[in-house]
Amino acid sequence: MTGVRTTCAYCGVGCGVIATPQPDGSVDIKGDPNHPANYGRLCAKGTNLGETLSTEDRLLHPMINGVQSDWDSATSLMAEKFQTAIREHGPDSVAFYVSGQLLTEDYYVANKLMKGFIGSANIDTNSRLCMASSVVGHKRAFGTDTVPCTYEDLENADLIVLVGSNLAWCHPVLHQRILAAKETRGTQIINIDPRRTATSDLADMHLGIKSGGDVALFNGLLNAIVDAGAIDQDYIDQHVNGFDAAISTARETSLDQLMNLTGLSGDELTAFYSAWIENKRVVTIYSQGVNQARDGSDKVNAIINCHLATGRIGRIGMGPFSITGQPNAMGGREVGGLSNMLAAHLDIENENHREIVADFWNAPTLPTQAGLKAVDLFDGCASGQIKALWIICTNPAVSMPRANDVAAAIKNVDFVAVSDIIAKTDTTVLADVLLPATGWGEKDGTVTNSERRISRQRGFLPAPADTKHDWQIICDVAAKMGWGNAFAFKTPSDIFSEWAAMTKLSRDAGKDLDLTSYAMINDVEYDAMEPIQWPIKSDQSDTRFFANGGFYTSDARANMLAVAPQSNASVTSIEYPFTLNTGRVRDHWHTMTRSAKSPTLSTHMGEPYAEIHPDDARALNIKPASLVMTESPHGSVILRALITDRVQRGQIFAPLHWTSLWASRARIDTLVPSLCDPHSGQPELKRAAVKISPY
Ligand code: SF4
């Protein structure tokens, strides 16, 4: 068989892959040399995708209460349970919790069913945990959720600042592109992270910032920009509101306070500010260390403020650049997969937007307000508000903060359905009905990566046993609920073309999404579709936004926001004196349901661990490689001690991946409180108070 061009299953870089099934049943994986995200490069996770394709642990048949069933019985039961809940308790008594791993077509029909036909906005996604604060930051600054940069900017920047991002491990191919640019044009790299990571090792400067110090740091940068006369007054005059208020708030923090809030010395601050000001072509990349915080949205706007004040946005080699964690977090945002959005970047609070979406779908009803965001959604399960829940393609009993409480909340719901490719996870064991879905390599659709590039995922393996594609399962349930006509899609390209036609609403409403040239796409054209980046231009000449203004606000001007640092940055107490920081390791992915199947990937990090500073380990009599109990008010886990000065004194780092299937007490998010950014609803997964002791 010849190779099939598809897209990697893992991160938001969105690398092109060529998958070639072999006569012995294995699949050869290579980077696609013609894909603009990676030009042939792959990281370890992408390279070893072929080792993850066995059907050994797969969910292969519909199950009802633990007994093998059939599709008709399973979807009929689901329709009946959802209809009963809606009839007896109203549409807001049901909820979907979906995933940035879904393909855009799956996401689109799930959102259409919940918002357009069930009539509730209670559909939220694990992308809430990943980048909801960036969405808020973009909307507040630009009027819409637009990422201004492209990957090409990384190769044309003179300075790349990586904030709260271990790019070398979490987005390795982008990091490789940056290192290649450093080699050829001497690009400077500055890494801002409380922990010294692989990314810090390869940077020219590492700023070991205090957790929670980012707003202060970037307000200080704004001050320094003004003091150095480095603002772009013409750009501000023509395109930006809010400069005076933003600078006045930034001025309220003295240098002493700034050093205290950031934990950085005056020399470190001066070196960073000078580098940022002196290099006009600067890209500031930010990731989960920025987003996963109680003030994540303010951090995003503090960064964007500096780019707006200098006009360093949308021009080659410049801009603020949010890098998404999941393969299709961006596609989910495009089709309205968050509970506070409508499809096509339209606003749920806007009556006019609601009307045009309802008209387009010929929908009986549309919710008039935002639905429950992830943390609130599971709180609604615990309180009894949610009577019927459908979890699709995600594992919240591991990945949500207060994960033990979330598992109990799911158990508390009258009826729970879970669609997954894996038979046994911490979440599937809580379901009344299990729906076997197809996985990577078996399904077809599209994903959008961090630079707004839409790529095809193409199937090259048959769907095993009774598995169905997620979009088919959702359409089957919709049909059983009486809405068959609106969900009569036969192929993913049917869905994509409806979705592309829908983006005309976005264009007509003065928003940024416009895929209408794909509205009539047929199966053959869809199958041949090359990666495309929006805004769609015939020659794809310049796909950056905002170099000449044109923001999506009512006056077409951007907003700088007055954002103040939080005065009480500390989360610790006498009882819980350590700050826990969570994150990924290089070769595992989320809750390991895929990556743990690869023996090669498991050799990098074999078990859950806690990085502990040597002084703290000595004080607590913790020996290298011993087991440590790590506790918070919400739970406890047992981890292997990795004693290293890569973490600061008083801090612990632990990876998020391991589940109770791999180690009885290693679900790290059982420790994390559900404190959220008030604007985005994104939980503070990067900063929890814990205590540690020898086990
Ligand atoms: Fe896959 Fe991300 Fe690695 Fe690219 S960088 S191969 S998308 S995991």
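Where Lys and Arg each count +1 and Asp and Glu each count -1, what net charge lies around Thr47 among other residues with Cβ under 11 Å from its Cβ? Walk me through the numbers before you get to the answer.
On the way: positive: Lys30, Arg41, Lys45; negative: Asp28, Glu51, Asp587.
That sum, taken over residues with Cβ under 11 Å, equals 0.
Show me the GluC sites (Glu not before Pro) within region 242-306 that DSSP assigns to loop and that have at most 13 other Cβ atoms within 10 Å of their Cβ.
Details: sites: Glu252, Glu268, Glu278; in loops: Glu252.
Those satisfying the criteria are Glu252.
Would you mind working out the magnitude of the charge dipole of region 578-694 relative to its Cα centre, with +1 at each Lys and Arg C-beta and -1 at each Asp and Glu C-beta, to the nearest 20 Debye? Don't jump to the answer; show the numbers that get you there.
Working: 14 positive and 10 negative charges, 47 e Å.
With Lys and Arg at +1 and Asp and Glu at -1, about 220 debye.
What list of ³J(HN,Hα) values in whole Hz, one per residue of region 217-229 in order, does the Karplus curve 6.51 cos²θ - 1.76 cosθ + 1.60 (θ = phi - 60°) give from phi, with Gly and Pro shown as x?
So the J values, rounded to whole Hz, are 4, 7, 5, x, 5, 4, 4, 5, 4, 5, 4, 8, x.
Residues with beta-carbon under 11 Å from that of Ala302, excluding Ala302: net charge, scoring Lys, Arg +1 and Asp, Glu -1?
Values: positive: Lys299; negative: Asp214, Asp295, Asp298.
Residues close to Ala302 contribute a combined charge of -2.
Would you please classify the overall shape of region 578-694 from the alpha carbon gyration tensor, given that a ≥ b ≥ c denote the square roots of the eigenvalues, rounded means a/c under 1.5, and beyond that prolate means a/b larger than b/c while oblate covers the rest? Please list the in-between numbers first.
Numbers: a/c = 1.68, a/b = 1.05, b/c = 1.60.
The shape class here is oblate.
Quick one: putting +1 on the C-beta of Lys and Arg, -1 on the C-beta of Asp and Glu, what dipole do you get for the chain around its Cα centre, in Debye to the nearest 20?
Details: 60 positive and 78 negative charges, 207 e Å.
Approximately 1000 debye in magnitude.
Between Ala528 and Trp662, take the C-beta separation as r, use R0 = 56 Å, and let me know the FRET efficiency to the nearest 0.05. Write out the running numbers ahead of the final one.
Details: r = 41 Å, r/R0 = 0.73.
The computed FRET efficiency comes out at 0.85.
All other residues with a Cβ under 15 Å from the Cβ of Lys387 taken together, and with Lys, Arg as +1 and Asp, Glu as -1, what is their net charge? Spell out each step's value before the answer.
Values: positive: Lys81, Arg87, Lys411; negative: Glu80, Glu88, Asp92, Asp379, Asp414, Asp432.
Combined, the nearby Lys, Arg, Asp and Glu give -3.
In debye, nearest 20: dipole of region 131-323 around its Cα centre with unit charges on the Cβ of K, R (+) and D, E (-)? Don't skip to the answer; put the middle values down first.
Details: 15 positive and 22 negative charges, 91 e Å.
The dipole magnitude comes to about 440 debye.
Counting residues in region 157-200 as N, plug N into 2.2 N^0.38 Å and put the Cα Rg over that result. Intermediate values should be presented prior to the final figure.
Working: Rg = 9.9 Å, N = 44, 2.2 N^0.38 = 9.3 Å.
Normalised by 2.2 N^0.38 Å, the Cα Rg of region 157-200 equals 1.07.
Based on the alpha-carbon gyration tensor of the chain, what equivalent-ellipsoid semi-axes (square roots of 5 times the eigenvalues) come out, in whole Å, largest first? Let's see the in-between values first.
Working: eigenvalues 265, 185, 127 Å².
Gyration-tensor ellipsoid for the chain: 36, 30, 25 Å.
Order by neighbour count: Phe218, Phe578, fewest other Cβ atoms within 10 Å first, most last.
Least crowded to most crowded, the residues run Phe578, Phe218.
Express in whole angstrom the spacing between the alpha-carbon centres of region 571-626 and region 389-461.
With region 571-626 and region 389-461 each reduced to a Cα centre, they are spaced 25 Å.
FYI, it's all coordinate maths here, none of it is from the lab. A quick note: this is a predicted structure, and the numbers were derived from the prediction, not measured. Positions of Cβ are generated from backbone atoms using ideal geometry, with glycine treated the same way; all protein chains shown enter the neighbour counts.
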